[in-house]
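Have a look at the structure below before the remarks.
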């Protein structure tokens, strides 16, 4: 087993937000492979999150993010199990990051179960027509449609979107990792996104790129 340096542990902790001992153990398990250690921490976070998913989360808070000159704003309710966790800086940073993400990528729903059936079916019909027009064989057309429906969910559902600061991680995985870190269930309950002049024809700025530059 390779020796794990203190700097590697520190770097992994800064990138993942996990505890020092968890980072050291992950690096040891990965024989010093930084990316493998990140995957180990992510898997452990998902496992812990799954165990806590049914626990009631009624504490937390309402968080806001206002971009720059007030052009875009987000109100977001994120819940946890205790008031103690709600005051945790890591929990609050998570909520702020998610609010920024919502401002940038404008999800329509939190999770795929919230997408109305009629919207999903309409999207499926559109995708099926596209696949037929592409001349795909009927025996694989349905699989292609389902694959593209999955991509649709990633575009409109917050928890399935790639996180704006780390596109290799979904927002859902980000939340799960934080559950593993603070030891409590975390639930994104609701959000509202406001954009100045929304519905009025105006210049189309690439806000997602703008936020990404700010976060570097």
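The values are calculated or read from the model by the stated rules, or taken from the named source; none is laboratory data. Predicted, not measured: the structure shown is a model, and the values here were computed from it. We place every Cβ from the backbone using ideal geometry, glycine too, and count neighbours over all the protein chains shown.
Tabulated values for the structure
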| item | result |
| --- | --- |
| Helices (runs of 4 or more DSSP H) wholly inside region 73-152 containing at least 3 residues that are more than 18 Å from residue 186 (Cβ to Cβ) | 89-105, 117-133 |
| Close pairs (6 angstrom Cβ cut-off, 6 or more residues apart or separate chains): assigned by TED's automatic domain parsing to the domain that holds residue 91 and at pLDDT 85 or above in region 10-37, part of a helix (DSSP H, G or I) and surrounded by 15 or more Cβ atoms within 10 Å (Cβ to Cβ) anywhere | none |
